[in-house]
Each structure stands twice: as C-alpha cells, then as structure tokens.
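Below is one structure, written out as structure tokens, with a few remarks after it.
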Amino acid sequence: MDTFAADYRPTAGIKYQPTIIRAGAKVLNVPAALKNVRPLEPNALGTLSFHPTGYEGYGLGAELRPVDDGWLLTDYEGFCLLDKDMKLRKVLFRNDVEISEMKMGNGQTGYSMRMNRTLRSVGYDPSVRQLRGLYGGKTMQEGQHGYECAIAALPWDILVEAAEPWTPDYLPSKLPIARTQGNAFAVTEGGWLMTEAFSSRLYTFGQKGDTLCRFTVNDAEDYVPTSTYRSGENTAVYHYDGKLRLLMAYDDTVYELADASTLKAVWRLDFGTLKRPTGKYVTGSLNNSLDGYYLVDSWIETTRHLLIQLSYGYDSPNARSQGKVTLYTLIYDKRTGDFFSLPGQTDKEGRYTYANLPFRVEGKDISLLPSLTAGDQAAILFKGKRLKEMLPDLPLSKQIKEEELVIVRME
C-alpha cells in the first residue's frame with residue numbers, strides 16, 4: 001500500500017477527456033406528480049424487517065454498504081463490520097469524536113457534536129481490497145498547527161484481523177489534499193470521485209491522487225460563499241446495482257459513472273415552469289428570498305422505487321413553525337410508471353414535516369421515512385429505545401437494549 005510524504009504532489013495534468021451521455025435518461029414530470037396526490041395504505045410499498053445489530057452508538061450520518069459476505073456500517077463515530085444477517089462481527093475503526101444528546105426547545109432530541117479527527121465517507125474497493133475515506137482533523141504533529149485533510153487508505157484484510165479497532169492515531173496511508181468543506185466523495189474501482197465544492201464540477205482520481213478526468217455537468221456559475229450562507233442542496237452520491245450514481249446540488253439529472261471518464265444520464269427531474277434556484281442565488285445573499293422556489297432535499301433509489309423529498313421554499317425549523325415552507329414526499333414506481341406525491345403532513349405541534357411511509361407491524365400502524373439504502377432496498381437506522389417506544393409489544397422490543405442500533409429494511 002502506498003505511503004505519502006507531507007509534501008507529496010500527484011502527477012500534474014488530466015489523463016482523459018470527459019464523455020457525458022445526456023440522452024436516454026428517464027424523465028420524471030414533477031408538476032404532474034405534485035398534482036397527483038395519493039394516500040397510501042399501510043405496507044403498500046413493502047413490509048418492514050427488523051435487524052438488531054448488537055452495535056451500540058448514535059448511528060448519526062449512517063451509511064450501509066455490502067462488503068465481501070457482510071455489511072460495512074459507517075457513522076460519525078467510526079465503522080464496523082456486520083455479518084450477512086446484519087449482526088456485529090467487529091468494530092473496525094473509532095473516530096475521535098464527542099457526541100452528546102440534548103433536549104431541544106421543541107421537545108425533540110438534538111445532538112452536540114465535536115468532530116476532532118474523523119475518517120468519513122468510507123467505502124470499499126474490492127479490486128485492491130482497500131477501504132478509502134476522507135480524513136480530517138487538527139494536526140497532531142509537534143510544533144504544527146492547523147487542520148489536516150487527506151485521503152486515507154486502509155488494508156481490508158489486516159484491518160479485519162486486527163486485535164483492536166484502529167483510530168486516527170494510526171493511519172498508515174494518507175494522501176494530503178486541500179480542505180474538503182462541501183465536497184462529496186465516493187470510492188471507485190482503483191481510486192475515488194470527488195466533487196469540487198460550490199460548483200457543477202467533479203473529478204475522478206487514481207490511487208496516487210493523479211487526476212483521471214474532470215466533468216462539468218452544467219454551465220451554472222460557481223457559487224463560492226463570500227460570507228454567511230444557507231445550505232440549500234447537497235450532492236447525493238450513492239451506489240445502485242453496483243454502479244456509482246450522483247445527483248449534483250442544484251442540478252436536475254442523475255448520472256451514472258460508467259467508467260473513470262464517462263457519465264451517463266439515468267434520471268432527469270423535469271420541473272416544467274416551476275422555479276428552481278441556482279447555487280449562486282442561494283449562497284449569494286441571505287436576502288435572496290427562496291419563496292416560490294423548489295429545492296431537492298433527498299433522493300433515494302431502490303430496486304422498485306424512487307423516494308424524493310422536495311421543499312417549496314427554504315426549509316428550516318423557523319420556516320416550518322411559521323408555515324413558510326411546504327414539504328413534499330414524491331414516489332416513483334419503476335414497474336408501473338406511477339409518479340405521485342403523498343398528502344401533506346404536520347407533527348403534533350402543527351409544524352410541517354415530510355410525509356412518512358405507512359406500515360403495519362403485527363396489527364399496529366406506524367410511519368417511517370427511509371434515510372439510506374441497504375443492498376438497493378430502502379432502510380432506516382435508529383436506537384432500540386425508539387423501537388421500544390414505537391412497537392412496545394413487538395417481541396424484539398422486549399429483548400433489545402436501548403442503545404443498540406436497529407436496521408429496519410423495507411422489503
């Protein structure tokens with residue numbers, strides 16, 4: 001495995017010219033879906049299966065990826081290996097973080113987080129049996145001050161057999177990079193992909209940091225903030241059917257990375273005459289009103305469905321309390337071609353929320369909104385404490401520990 005000196009510089013230049021295939025994308029008519037409001041019966045989109053992991057933690061920022069004959073579960077606290085049944089096999093890495101729970105003014109639970117030194121957006125490259133991720137933290141070397149960013153690589157087979165979880169104190173391969181605030185990152189075969197923050201550009205890289213290709217997905221202006229700014233949209237990067245896909249912030253097209261120099265359009269959101277903001281408009285000034293604009297807050301793709309969250313106006317706790325934002329949950333059925341939205345929903349205090357999906361578990365109706373995928377199936381992860389509150393009569397609820405994380409899959 002390669003190691004890199006602090007002053008290492010990758011080979012200059014860009015190896016390949018980009019190819020962006022825009023034809024052939026499936027077009028989704030957003031205005032029609034917003035008008036096609038349809039309530040769902042419980043379990044209309046699938047039933048729930050519950051998988052207690054045996055891993056205790058907060059599960060914040062969780063992602064779940066298949067790896068070898070099991071699953072890699074990552075969150076802000078680190079990452080662990082689960083077996084094929086989603087049971088904990090081993091904690092692999094612990095980040096240097098401090099997280100505490102606190103009660104918010106609205107009665108909901110919030111979290112205080114101090115991310116000292118972390119490895120995040122970790123993914124597995126089976127071609128070389130390595131994990132790679134974005135490392136960030138305060139410089140720990142004596143006499144040096146500042147913040148260090150790097151691409152860290154970890155040897156999979158050695159890590160799995162290690163006697164104790166690794167920590168940021170021991171990262172044998174770190175390739176120094178510029179600070180990555182706002183960049184999306186994903187592991188590719190033999191390298192990685194990273195977006196350029198506050199732009200419509202993304203890059204593919206080789207294992208030694210050599211730039212393979214640069215893509216510009218649209219001609220929108222860069223939107224680098226010059227002062228305090230709002231976070232309007234984030235880039236969604238995910239794997240589907242073994243391929244890497246992404247929806248860039250403030251763009252309407254989902255692309256699949258066919259190879260290091262080829263993007264192929266897969267889905268396109270057609271907003272028609274509905275207004276969409278540019279990144280430059282959102283970050284340019286806090287005085288730029290987002291009333292009347294639609295923003296994409298979440299995109300999840302499964303084998304059967306697309307689950308999309310849109311906000312009409314800028315979403316914030318104050319906007320929800322004051323009724324200044326409308327939130328939509330849209331569903332596209334790949335088999336039937338149906339594209340519709342769920343009826344609006346409010347919480348018990350009357351604030352707008354995203355409409356959840358309805359389910360029935362052993363005769364009791366509950367609602368959940370998936371936030372991740374597990375093997376191309378929608379999923380959500382939460383503590384055993386929440387399961388006990390939702391389904392107190394479920395046999396699993398009586399056995400599970402309050403701090404144990406549960407993976408709930410929609411099947």
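Taking the stated definitions as given, is E233 at pLDDT below 95, closer than 17 Å to P277 by Cβ and surrounded by 18 or more Cβ atoms within 10 Å (Cβ to Cβ)?
Values: at pLDDT below 95: yes; closer than 17 Å to P277 by Cβ: yes; surrounded by 18 or more Cβ atoms within 10 Å (Cβ to Cβ): yes.
In short, yes.
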Subject >> Of residues in the stretch 19-34 being assigned to a strand (DSSP E or B) and out of contact with any Gly (no Cβ under 8 Å at 6 or more places or on another chain), the one surrounded by the most Cβ atoms within 10 Å (Cβ to Cβ) >> reply: L28
**OP:** With the checklist (1) part of a strand (DSSP E or B); (2) closer than 30 Å to S316 by Cα; (3) at pLDDT below 90; (4) of a type outside the set (A, V, I, L, M, F, W, C) in hand, flag the one item N106 doesn't pass.
**Re:** (1)
Subject >> Segments classed as strands (runs of 3 or more DSSP E), wholly inside the stretch 361-411, with at least 3 members that are surrounded by 17 or more Cβ atoms within 10 Å (Cβ to Cβ) >> reply: 378-383, 404-410
**OP:** Please work out which one of (1) in contact (Cβ under 8 Å) with a residue 60 or more places away in the chain; (2) within 21 Å of the chain's Cα centre (by Cα) is the condition T11 fails and give its number.
**Re:** (2)
Original post:
For the stretch 237-263, which residues satisfy the criterion of being small (G, A, S) and surrounded by fewer than 22 Cβ atoms within 10 Å (Cβ to Cβ)?
Top reply: G242, A258, A260, S261
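Filter the stretch 340-351 for residues that are part of a strand (DSSP E or B) and within 26 Å of L391 (Cβ to Cβ); which is modelled with the lowest pLDDT? Give the derivation first.
Going residue by residue through the stretch 340-351, those that are part of a strand (DSSP E or B) are 340-341, 345-346.
If we keep only those that are within 26 Å of L391 (Cβ to Cβ) too, we end up with 345-346.
Numbers: Q345: 83, T346: 80.
My answer is T346.
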**OP:** Within the stretch 97-117, identify whether any single residue is among the basic types (K, R), farther than 20 Å from F382 by Cα, exposed (fewer than 14 other Cβ atoms within 10 Å of the Cβ) and free of Cβ contacts under 8 Å to residues at least 40 places away in the same chain, and answer yes or no.
**Re:** yes
Subject >> Residues of the stretch 171-189 classified as surrounded by fewer than 16 Cβ atoms within 10 Å (Cβ to Cβ) and either closer than 20 Å to C149 by Cα or at pLDDT below 90 (or both), total >> reply: 4
Subject >> Top-ranked residue of the stretch 315-328 - restricted to ones that are surrounded by fewer than 20 Cβ atoms within 10 Å (Cβ to Cβ) and not in a strand (DSSP E or B), ranked as nearest to the chain's Cα centre (by Cα) >> reply: S316
Subject >> Subset of the stretch 329-339 (residues that are more than 18 Å from R268 (Cβ to Cβ) and part of a strand (DSSP E or B)) >> reply: T329
Original post:
Of the residues that make up the stretch 249-257, is at least one free of Cβ contacts under 8 Å to residues at least 40 places away in the same chain and at positive phi?
Top reply: no
Original post:
Out of the residues in the stretch 146-168 that are assigned to a loop (DSSP other than H, G, I, E, B) and of a type in the set (G, A, S), which is modelled with the lowest pLDDT?
Top reply: G146
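Here's the yes/no breakdown for (1) closer than 17 Å to L369 by Cβ; (2) in contact with a His (Cβ under 9 Å, 6 or more places away or on another chain):
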| residue | (1), (2) |
| --- | --- |
| L274 | no, no |
| W299 | yes, no |
| G323 | no, no |
| Y332 | yes, yes |
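The values are calculated or read from the model by the stated rules, or taken from the named source; none is laboratory data. All values derive from a computational prediction rather than experimental measurement. Positions of Cβ are generated from backbone atoms using ideal geometry, with glycine treated the same way; all protein chains shown enter the neighbour counts.
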